[in-house]
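Novice: Below you'll find the structure I mean.
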Amino acid sequence: MERPSPGAQRVEHHSEAIDAAIERVVSGDKQAYAIIIREYEKKIYTYCYCILKSREGAEDAVQEIFLKAYQNLSRYEKQASLLTWLYKIAYFHCVDLIRKQSRWHRLLSLCKERLSLSAPTYVNYTEQAVNEMLMYLNWEERNILLLRVVEQYSFEEIGKIMGCKPATLRQRFARLRKKLINQRIQEGGAANGEVAERT
Amino acid sequence: MEKWPNEPESWNLLHIRRTVQRMEMPVNSFSDKIMSRLEEPTLVTNKGKRLRKAFMVTSAAAILGVCIISSAIVSPAMAESLKNIPLMSGILKLVGDFTGNTFTFSKPEPWSMGEDSGMTYKVDGSEYSQVMLNARGELENVHLDVKWSDLKDSYKKEMEAALQQVFPGQNIAVDTVGISVQYGLPDDSPIKSGALYLNTRVNNTFIELENGRLHRVVKSLANEEVDLDALKTAESVFVGNGLEGLKKGPLNNPLLIVQDGKEAYEFHFAASDKGQFYHLEYDEPIRKAE
């Protein structure tokens, strides 16, 4: 079932429990941080999974992101959305991981040529569906799609998270929409035009 | 199986959003792991200190950004749309009619996607819920999970009947049922505007009812469960240059879909060295040999 979109265009309503938890953590009550983790971990995990396309990678990333957030929670300003703040940490963490991965990309691609591709396994239908929907987008496009369509942030807000101009994001978003439409058409063609008749 | 029509882009984006939001974590929570790592004395390493230094810069940028965000939140357009929201009592009655229960809603939250915008409400006490109105104050959709014990009696009966159809003779217990109604969808959308959908999941089987009748069943199969004739026929598509040289990879997580009484397999094959999949929908009712 769909959750209400928490996009940054919305008015951020911090629950009193979260506000209190933040204050407790900043005051030294470490255990109160668990409240914050449980509130936002699913969104951050989903974001990381979609960007990194790896369950294991997302599991590690979500832990690192919350550790980073904990270390810097005293710098968090309440007029900001805590979720937006966490997304910013998550974005830069994922960028860092992807850049590191890219250094090894050429080496890995050589290895892949020698190995038969083993199909990824999915824990459930939703995970598979998400992978299939996003597989034709690069990680930057997936990032914009997630923040814009799933979380419904404005381009200005995404620009703040990513550190780039809203106009650039609008162009990228328009391109990825075309890409999705074209992909949809191609899929339709393949599925509808290339199907086998059962004998 | 009949073709499922290509959805217009807006429906496609909505579908992406909903599917992503349905994703579950592999564990119930990471909090224990993270909390135990907070206790480790080596948490702040040199690398950590460097990151912290770098983070100070990004954090400052985030805070600066939020000041701008705050002023943008209450735009004149959004303020105008707020005026059009109908009285809460009307929405409550509508949702009450769908669910048979009385709910209270959270504070409204603005949403926007492309040129569209409006407000969403969350149903208090429901883990997943959304009541979405457009800028004209018209109800766009209602989605909420309802515990079985809170489900309207008539829906319980409908779901029980559907479960008996799918799992005849078995006593299946369901914890939660999803209720969904959407409006304003195009005619060729696979989801009917105004139709009430109930759904639940039993192990690896997803069950959906449309207006009280079993509409769709999606079952995730083990490879061994696939009808070999169907698989062979599907694989024949890759023979020759029919798919412009596209190579077939190993079969992965095949699905058996039963919709409106018609059965179809969906086969997914790893199709390139980039780990992409070719999606093949089998276009003929398939019956396993009896």
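Novice: Compute, for segment B:126-232, the length of the dipole vector about the Cα centre, with Cβ point charges of +1 (Lys, Arg) and -1 (Asp, Glu) only. Units Debye, rounded to 20. Provide the component values of the computation, followed by the final result.
Specialist: Numbers: 11 positive and 17 negative charges, 39 e Å.
Using only the charged Cβ atoms, the result is roughly 180 debye.
Novice: For residue A:135, enumerate residues with amide H under 5 Å from its amide H, sequence gap 5+ or separate chain, H modeled in the peptide plane.
Specialist: none
Novice: If you rank A:70, B:121 by fewest surrounding Cβ atoms within 10 Å, what's the result?
Specialist: A:70, B:121
Novice: Going down the list A:178/B:219; A:43/B:107; A:30/A:53; B:33/B:147; A:43/A:68, which pairs span over 25 Å between their C-alpha atoms? Show your work: numbers first, answer last.
Specialist: Working: A:178/B:219 32 Å; A:43/B:107 21 Å; A:30/A:53 31 Å; B:33/B:147 30 Å; A:43/A:68 16 Å.
In this structure, A:178/B:219; A:30/A:53; B:33/B:147 lie more than 25 Å apart at Cα.
Novice: Compute the separation of the alpha-carbon centres of segment B:138-157 and segment B:191-225 and state it in Å as a whole number.
Specialist: 15 Å
Novice: Next question, about the same structure. What is the order of A:29, B:187, B:150, B:145, fewest Cβ neighbours within 10 Å to most? Provide the component values of the computation, followed by the final result.
Specialist: Numbers: A:29 12, B:187 7, B:150 15, B:145 21.
Placing the least packed residue first, the sequence is B:187, A:29, B:150, B:145.
Novice: Additional query: What is the fewest-to-most order of A:40, A:45 by other Cβ atoms lying within 10 Å of their Cβ?
Specialist: Details: A:40 21, A:45 25.
The fewest-first ordering by Cβ neighbours comes to A:40, A:45.
Bear in mind that the values in this text are calculations on the coordinates, not laboratory data. Computed from a predicted structure; not experimentally measured. All Cβ positions, even for glycine, are placed from backbone atoms using ideal geometry, and neighbour counts span all protein chains on display.
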